[in-house]
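The values are calculated or read from the model by the stated rules, or taken from the named source; none is laboratory data. Fair warning: this is a prediction, and the values are worked out from it, not measured in the lab. Positions of Cβ are generated from backbone atoms using ideal geometry, with glycine treated the same way; all protein chains shown enter the neighbour counts. Ligands, DNA and RNA are stripped out before the accessible areas are found, and what is left, the full protein with its side chains, is counted by its heavy atoms. Shrake-Rupley method; radii C 1.70, N 1.55, O 1.52, S 1.80 Å.
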Amino acid sequence: MTIANTFRAQPDAQGHFGQFGGRYVAETLMPLILELEKEYRRAQADPAFEAELDWLMKHYVGRPSPLYYAERLTETIRASAEAGHGAKIYLKRDELNHTGAHKINNCIGQILLAVRMGKTRIIAETGAGQHGVATATVAARFGLPCVIYMGARDVERQSPNVFRMKLLGAEVRAVESGSKTLKDAMNEALRDWVANVHDTFYIIGTAAGPHPYPELVRDFQSVIGREAKAQIMEAEGRLPDLLVAAIGGGSNAIGLFHPFLDDADVKMLGIEAAGHGLSTDKHAASLAGGEPGVLHGNRTFLLQDEDGQIAEAHSISAGLDYPGIGPEHSWLHEIGRVQYESATDREALDAFQLLCRTEGIIPALEPSHALAAVARKAREMKADEIIVANLCGRGDKDIFTVAEALGVAI
Amino acid sequence: MSRLETTFARCAAEGRAALVTFVTGGDPSPAATPAILDALVAGGADVIELGMPFTDPMADGPAIQLADIRSLNAGTTTTSLFEIVRDFRTRHADVPVVLMGYANPMVRRGPQWFAEACAEAGVDGVICVDIPPEEDAALGPALRAVGVDLVRLATPTTDAARLPAVLDGCSGFLYYVSVAGITGVQQAAQGSIEQAVAHLKAGTSLPVAVGFGVRTPDQAAKIARVADGVVVGSAIVEVVAAAVAAGHDPAEAVRAIVAPLSAAVRGARQEQAA
């Protein structure tokens, strides 16, 4: 028997995506990680788990999210493109989910696992606060106490989300160590976890960390791509030519991409945050500017110096401000199945405003990076080609940051 | 026999546990470290654990986190750490040095490079916090090939089924992390330590050293009655920080904290017998 070539069979039994991924954790956590993997396998084989997940996704999260033809955005881009150019742009509206981002898809799945494992306390890290809000939300829904670690710098620039988490009953702990952003919040969450292994479940927010997290986060987020595939078939009768998504850790992107990986005619583009520019030291593009290394439980591309010290990332978007990337993206980059480019703070701000004015949708700064790439790609593509971009979060949380960047006092 | 084997055998022959002391390399500066290491030896340390500073020490408590930041801010590099060891080796031919740290700085230039640099500088053993046996296809073999011990960590969550995997490829000694947690914060109950050490010693002939949360001579003495080694880290690192902050000589402060720990470890079993 021959096994068909597939890009969808990763990771291997040890959690490796090619040379990436794995389980690089302290010995104290190893037995937990192994137990989580066992429980996840049991859950995957349990129709009751899937039924509960589906029910919550539909009635609590509000799925399926629409696949929306952004006609005015498409026409605006066509107006400045050569004749016959300007691809048709569809937006996967995951910003319409309960809590306003794709993060909740994963949190629902993980809290169901936590409950199955008998864990009674939830912890999580957050950057922009979207994952923290989503975690606090599911913790409230399931009646479990919840502690959210957030870099002190992010607490400052994402104060609306901090208040949301508190309203939802979570305790928000500001992390003062290191660069005071997402990576430091993750360090602190790992420290909490290692000291509370018996009762605590760590809901990791992106498709990174030790195996099985990258796999299970991807699986929970793949609902995005599965829906998009069915929806574009219904709308256009064919698959799209290009998928575009922003990449911090990369969970919304892998969620959109994964169901399409074996569709050879579908190109995919992941957009890293270029901050002030790739030629500066103020960006968060770990594939473009990093090298493979080990951090937070997995081997992946990292921004680091020649001694392996981790560099501070920069992005106007707190959700992309991370010096690493999910290991499956490192693998997809290495084998060339997915292309990765970047967008600067400035390009993201321009795209943010473009979507506000053409479609009446205020996007989060994270997907604004993807929209910046959509604008430049659509212009080069033919008018009968189709782009699906993941609008993975709404921008209400970002209005203060955007106002400041635009020099507006509010 | 390796320096670690020789040292643990000598301590056993003297009827006592070994005192293993940890400081962060390059804290407060690479230039200050040699005198601090000498002070550890002068105070009575049997084995030196030299911490490799890392930007993201996720298994460490506040004391070692801050030490890592001080060290990196002072310009410590992987090269300067090996220089510190090479230099130490010229003054102390027999005192084992174990590098302790995280995977990324160790594998940055490849495990082979790191292993050879360890052997060349006179490093005796390596403890890597975040490379469990499952991910040790490269570093462990590279170290063994050049005769450097890989010291593994066993923890309260390492059960009987898992212990053989932890022991496979471990040499020099086995480090028992006595609390499920980060360095320097909590302290394990003596009863649980005794139980764990007995369980570990049933599975291995390697010396078992116990660490995490050991701060006082009294605690060290209690552990020294049942274990082959006692590890003290954060308490010494805090003394370095306090001396630097007060403008005092960190080396003298280190000698002053290590001497009573050493006396306690040396006297522990006599006291028990008496």
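Near B:A18, the amide H atoms lying under 5 Å from its own belong to B:G229, B:V230; only residues 5 or more places off or on other chains count, and H is placed 1.01 Å from N. With the cut-off at 1.5 for a/c, could you classify region A:329-410 from its C-alpha gyration tensor as rounded, prolate or oblate? The shape class here is prolate.
The alpha carbon centroids of region A:227-250 and region B:9-25 are separated by 62 Å.
Computed extension gain for A:F142 through A:R376, at 0.36 nm per residue and net of the alpha carbon distance, reaches 79.9 nm. For chain B, a Gaussian network of Cα nodes joined below 10 Å ranks B:A119, B:A220, B:A189 by mean-square fluctuation, and the top entry is B:A189.
Shape of chain A from the C-alpha gyration tensor: rounded (a/c under 1.5, with a ≥ b ≥ c the square roots of its eigenvalues). Between A:E82 and A:T120, the modelled labels are 6.8 nm apart [label points 7 Å from Cα along Cα→Cβ].
Among the protein heavy atoms of chain A, carbon and sulfur supply 52% of the accessible surface, probe 1.4 Å, non-protein parts ignored. Given R₀ = 60 Å, FRET efficiency for A:Q19-B:Q270 by Cβ-Cβ distance, to 0.05? Once rounded, the FRET efficiency stands at 0.65.
Between 0 and 90 degrees, the angle of helix A:365-380 with respect to the longest Cα principal axis of chain A falls at about 30 degrees.
Sequence-distant contacts, meaning Cα pairs under 8 Å at least 6 residues apart, place the relative contact order of region B:3-273 at 24 percent. Take every Cα pair under 8 Å whose residues are at least 6 apart in sequence, average their separation, divide by the length of chain A, and the relative contact order is 21 percent. A 1.4 Å probe run over the protein chains yields, for chain B, 34 Å² of accessible area per residue, whole-number rounding. A simple spin-label model places pseudo-atoms 7 Å from Cα toward Cβ; at B:T90 and A:D281 they are separated by 3.2 nm. Between region A:257-290 and region B:224-274, the C-alpha centres lie 50 angstrom from each other.
Only Cα pairs within less than 10 Å get springs; with that Gaussian network setup on chain A, which residue of A:S330, A:S286, A:S179 has the largest fluctuation? Of the options given, A:S179 has the highest mean-square fluctuation.
Relative to a virtual label point 7 Å from the Cα of A:R357 in the Cα→beta-carbon direction, which members of region A:79-106 show backbone nitrogen distances below 16 Å? From region A:79-106, the list is A:79-81. Skip the ligands, DNA and RNA, and give the accessible area per residue of chain A with a 1.4 Å probe, whole Å². Value for chain A: 35 Å² per residue. Charged neighbours of A:G118, selected by a Cβ distance under 14 Å, balance to +2 (K, R count +1; D, E count -1). In this assembly, the B-A interface accounts for approximately 2900 Å² of buried accessible surface in total, computed with a 1.4 Å probe and without ligands, DNA or RNA. Classify region B:3-273: rounded, prolate or oblate, from the alpha-carbon gyration tensor (a ≥ b ≥ c, eigenvalue square roots; a/c under 1.5 rounded; otherwise prolate if a/b is larger than b/c)? Rounded is the answer for region B:3-273, as its axis ratio a/c remains below 1.5. The calculated FRET efficiency for the pair B:A189 and B:A165, based on their C-beta separation and a Förster distance of 25 Å, comes to about 0.40. To test your reading of the geometry: what angle, between 0 and 90 degrees and rounded to tens, separates the Cα axis of helix A:103-116 from the longest principal axis of chain A? Long axis of A:103-116 versus the principal axis of chain A: about 20 degrees. The residues neighbouring A:I361, those whose beta-carbon lies less than 11 Å from its own, together hold a net charge of +2 under the Lys/Arg +1, Asp/Glu -1 convention. Of the residues in region B:168-182, those shielded by at least 20 Å² of accessible area once partner protein chains are present, compared with the chain alone at a 1.4 Å probe, are B:A180, B:G181, B:I182. When peptides A:258-267, B:197-206 are ranked by their average number of other Cβ atoms within 10 Å per residue, the highest-first order is A:258-267, B:197-206.
Once the Cα atoms are used to define both axes, helix A:30-44 deviates from the longest principal axis of chain A by about 60 degrees. Using R0 = 25 Å, the C-beta based FRET efficiency linking A:I399 and A:R226 works out to 0.20. With a cut-off of 10 Å between beta carbons, the residues surrounding B:G26 carry a summed charge of -1, where Lys and Arg count +1 and Asp and Glu -1.
Most tightly packed first, judged by the mean number of other beta-carbon atoms within 10 Å of their residues, the peptides A:109-115, A:397-403, A:163-169 read A:109-115, A:397-403, A:163-169. Take every pair of alpha-carbon atoms less than 8 Å apart whose residues are at least six positions apart; their mean separation over the length of region B:49-168 yields a relative contact order of 24 percent. For region A:265-272, 3J(HN,Hα) computed residue by residue from phi via the Karplus equation (6.51, -1.76, 1.60; θ = phi - 60°) reads 7, 8, 7, 9, 9, x, 10, 7 Hz, glycine and proline entered as x. GNM remark for chain A: springs join alpha carbons under 10 Å apart, and the peak mean-square fluctuation among A:M233, A:M57, A:M381 falls on A:M233.
With Cα atoms defining each centre, region A:143-187 and region A:4-24 are spaced 31 Å apart in the structure.
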